[in-house]
Amino acid sequence: MTVVTEPSLGDWLERLNALDPTRIELGLTRVRPVAEALGVLNPQVQVVTVAGTNGKGSTLALAESIALADGRRVGCYTSPHILRFNERVRVNGQEASDADIVAGLEAVESARGETPLTYFEFITLAALWQFQQQALDCWLLEIGLGGRLDVVNVVDPDVSVITSIGLDHMDWLGPDRDAIAVEKAGILRAGRPVICGESEPPATLEARLRAHDGPVWRADDESLHWTEGTPWSLRVANTRWTGLPAPGVAGVCGRRNAAMAIAALLATGRPPSDTAVRAGLAAARIPGRLQVIAQTPETLVDTAHNGQAAAFLAQSLAARPLAAGRMQCVLSMLADKDPGAVVSEFLRHWPAERPVDWLFVDSPGPRGQRAATIRDRAEMDGRCYSSLGGALDAARRAAGPAGRVVCFGSFLTVEAALRHAHD
C-alpha cells in the first residue's frame, strides 16, 4: 500500500523558494480575488499596517508587546525571519506552528486556482488566513516592499504607520526619497489615522500628509513628541505619558519607534492602559537589532543594510560606553545593496577620534556579494574573509577584552553570526 504523506513546511518553502518573482508583475489586482476567496479582505478587527525603510520591525515588536500587556489578542506578521520561518507569524506572542502555517498555505493553494503568486504573496496570504481563523482583537502587519503594491496592502488598514524614508530597494521603488515616499504612502486610507515617524519627510510625503483627510500624528510636531533620556515622556495628540522606562528594543531610534507604536495603538480607538504601556515597553524584544551575542569583547549583531540604517547603528553604538580597544566592523552584504552608502553613512555618524577596523565577508548564495567586491565598493581598507564565523573569530581576537565587535549588513549576516555564536 502506498502511503501518501502531507507536505511539510520544509517541503512548502522549498517549492515557494523556487518561484521566480520577476515573472509576475507587482500589484494588487491579481491577488485581490485570492484574498477575497480566503475571506481576509474585511477582517472584523483593528488593522495596523506599518511601512517604511527602517524601523518597521522594531515598531511592530513594541506595539505587539504593549498590546499583549493590555490584554489584547494580537496577530503579528513581520518579515523577513532570521533563524526560523515561523518567526514571521505570531499569534498572541507565540510563533505559529508548522502545522498552522502549512494549513494556511494549503488554503491559499486551494483559493488561488490558476492565479500565479510570488513567494511573498503566498506566505502573506497564508498568514492573513491564519489570523482570520483566530478570535483576535488586532492585526499588526509589516509591509514587505514599498507599500502601494505590496500584498499586505490588500487589507485596508485602520491605522497606517510610516516609520522612515531612506534609500533602499531603488530598483523597485524609484531613484530617490520622493519616489520611494509615494510608494510608502500607498498604505494611507481616506479618513483614517496616519502616524509618521519621519522627521524630515520628502516633498511628496509632506504633500500627502497635508492633504490627508484623517488624523495625522507626526514626529517632532505637537501631535507626536517625545523626550530622550531615561525616564522619558511622550505626548500623542492630547494624551501624555511621563516617567516611561527605556524601551526594551534598544538603539538611538528606540523612543521614536516606541512613540509610533503607542500612537498606533491609541489611534485604534482603544487607548492602552498606563500599566500596559510601561510593562510592554520594558518587555519588548526583537532579534537582530543591536543584539549582544557575546561578551568580552562585547559582540553585537544588527540587520542594518542601507545607508540610513547604518547611520542609526553608528549613532547607537557611539552612545554605548567602550572602555578601550578598537572597534571591529564585520560587514557582509547582498549583491543588490550599496556598501559605499553603508560604510560612508556609518563613518559620517561615528566619532572620528575612535578607531575602526573593517572586515569584509563573502555573502553566500546567488544573491550574495563577494568580500573583495564589498571592500572595493566601500572604498575602504580592510581584510577579506570567506566565512562569517572566521571573520567573527578574527575580529574578537583583534578587539581584545575591552574592545567591541559589530557584525551587520543583512538578515542573512545576522543569521550566520547567531548560528556561529551557538555552535
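Numbers at a glance
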{"quantity": "Selected from Ala99, Ala111, Ala246 as most flexible by GNM, with the chain as the system and alpha-carbon contacts under 10 Å", "calculated": "Ala99"}
{"quantity": "Nearest-0.05 FRET efficiency for Gln94 and Ser8, computed from C-beta distance (R0 25 Å)", "calculated": "0.80"}
{"quantity": "Check: region 159-285 dipole with +1 on Lys, Arg Cβ and -1 on Asp, Glu Cβ, in debye", "calculated": "600 debye"}
{"quantity": "For region 1-111, the fraction of alpha-carbon pairs in successive 5 Å shells from zero, as %", "calculated": "2, 9, 14, 19, 22, 18, 9, 3, 2, 1, 0"}
{"quantity": "Where a label projected 7 Å from the Cα of Leu28 along Cα→Cβ would reach, residues of region 108-138 with amide N under 16 Å", "calculated": "121, 124-125, 128"}
{"quantity": "Charge dipole of the chain about the Cα centre (unit charges at C-beta), most positive-ward option of Ala394, Leu136, Ala371", "calculated": "Ala394"}
{"quantity": "Nearest-0.05 FRET efficiency for Glu228 and Ser387, computed from C-beta distance (R0 41 Å)", "calculated": "0.55"}
{"quantity": "Within the chain, longest stretch free of exposed GluC sites (Glu not before Pro) [DSSP loop, at most 16 other beta carbons within 10 Å]", "calculated": "229-352"}
{"quantity": "Relative contact order of the chain, defined on C-alpha pairs under 8 angstrom at six or more residues apart (%)", "calculated": "15 percent"}
{"quantity": "Lys, Arg +1 and Asp, Glu -1 on Cβ, resulting dipole of the chain about Cα centre, debye, nearest 20", "calculated": "920 debye"}
{"quantity": "Whether the chain is rounded, prolate or oblate, judged on the alpha carbon gyration tensor where a/c under 1.5 counts as rounded", "calculated": "oblate"}
{"quantity": "For Ala267, net neighbour charge (Lys/Arg +1, Asp/Glu -1) across residues whose Cβ lies under 9 Å away", "calculated": "0"}
{"quantity": "DSSP-loop trypsin sites (Lys or Arg not before Pro) across region 232-304, with at most 15 other Cβ within 10 angstrom", "calculated": "Arg285"}
{"quantity": "Around Pro321: net Lys/Arg minus Asp/Glu count, Cβ-Cβ under 11 Å", "calculated": "+1"}
{"quantity": "J(HN,Hα) series, region 207-217, from Karplus relation 6.51 cos²θ - 1.76 cosθ + 1.60, nearest Hz, glycine and proline x", "calculated": "5, 5, 5, 5, 8, 5, 9, x, x, 10, 10"}
{"quantity": "Between region 120-195 and region 239-285, the Cα center-to-center distance that results, in Å", "calculated": "21 Å"}
{"quantity": "Candidates Ser410, Ser65, Ser344: whichever shows maximal mean-square fluctuation once the chain is modelled as a Gaussian network with Cα springs under 10 Å", "calculated": "Ser344"}
{"quantity": "Net charge contributed by nearby residues that have their C-beta within less than 12 Å of His81 (K/R +1, D/E -1)", "calculated": "-1"}
{"quantity": "GNM top mover of Gly214, Gly288, Gly409 - the chain, alpha-carbon springs below 10 Å", "calculated": "Gly214"}
{"quantity": "DSSP-defined beta bridges in the chain - what % are antiparallel, rounded to 5", "calculated": "30 percent"}
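None of the figures in this text is laboratory data; all of them are computed from the coordinates on show. If you're wondering where the values come from, they're calculated on a predicted model, not measured in any experiment. For neighbour counting, all protein chains shown are included, and Cβ atoms are generated from backbone atoms with ideal geometry for every residue, glycine included.
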